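Have a look at the structure below, then the notes.
The values are calculated or read from the model by the stated rules, or taken from the named source; none is laboratory data. What you are looking at is a predicted structure, and each value in this text was computed from that prediction instead of being measured. Cβ coordinates were reconstructed from backbone atoms using ideal geometry, including for glycine residues, and neighbour counts include every protein chain displayed. Accessible surface areas use protein heavy atoms only, side chains included; no ligands, DNA or RNA. Shrake-Rupley method; radii C 1.70, N 1.55, O 1.52, S 1.80 Å.
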Amino acid sequence: MASERELKRQPPDLATAREMTTTIVELCEGDSGGPEVSRLTSRYLDTCDQLLGRSGVGLRARGESSGQQARWTIKVGATPDVRGVAEATEIEIDGLWKEIPTILSMGLRAVGVSAELEEIARLTTVRERWMRSFASAEVEICMDSVTVEHPAQFTFFEIEVEAPERPVLDQLLDLLEAYFPDVPPSQGSKLSMALSRGESSLTASRQHATKELGVNLVRFLDAAVPLPAPWATVDSEHLA
């Protein structure tokens with residue numbers, strides 16, 4: 001389980017996305033090499049009455065569409081604030097496309113999600129990723145070219161910058177907003193953008209109404225971490 005802090009922007013076109021990304025990379029320090037590029041499919045699940053979405057919970061499987069392996073993620077609290085910064089709790093488990101990992105299934109049922117799940121969105125993301133340093137902190141810079149396949153077909157672009165502390169993002173945002181005053185903060189996640197069928201002005205209306213389910217789910221999954229065997233410490237000390 002991890003805490004995630006990232007700023008989000010959804011530029012209106014590829015040219016603006018490239019310009020913004022280049023500016024962010026140049027504001028940072030570190031290796032001047034090119035980005036790491038990946039192409040992944042993401043499939044999102046919810047109940048028919050959108051219980052997860054209404055509770056601020058996202059459930060996603062992500063991986064190569066032609067493979068069998070997928071990384072399952074539950075994310076709680078991913079709604080950006082007025083500056084476009086999202087601070088979420090994220091639980092990730094590697095598994096298979098064909099089944100939700102047991103511990104995530106147990107967690108969902110433990111907090112009352114008993115209805116059948118259905119696919120609510122599917123999208124493919126080509127991600128260009130840089131690792132750099134800003135304000136003495138390591139930051140991850142991503143430019144995503146997103147193609148939504150379901151529930152409607154369209155494309156959009158998103159820039160994400162993740163940092164370990166909020167003040168680092170605020171300092172970067174001060175500079176970014178000065179360079180690009182006409183690009184507003186993102187109002188929602190990729191999922192909310194997909195569900196809004198590309199109408200960014202509608203993403204805010206799809207945000208959650210209650211946080212209780214998400215809070216309880218995080219508590220359950222946080223308590224479900226593996227316990228170390230009693231000989232683990234002894235063995236590690238012996239090896240040292």
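In region 34-52 there is at least one residue that is at pLDDT below 90, open to solvent by 40 Å² or more (accessible area, probe 1.4 Å), under 30 Å from Gln171 (Cα atoms) and not in a helix (DSSP H, G or I). When region 144-175 is filtered for residues that are under 24 Å from Gly198 (Cα atoms) and outside any strand (DSSP E or B), the ones remaining, listed by number, are Pro151, Ala152, Gln153. For Glu177, the stated conditions do not hold, so it cannot be described as touching a Lys or Arg at 6+ places or on another chain (Cβ under 8 Å), of a type outside the set (Gly, Ala, Ser), more than 26 Å from Leu52 (Cβ to Cβ) and open to solvent by 20 Å² or more (accessible area, probe 1.4 Å).
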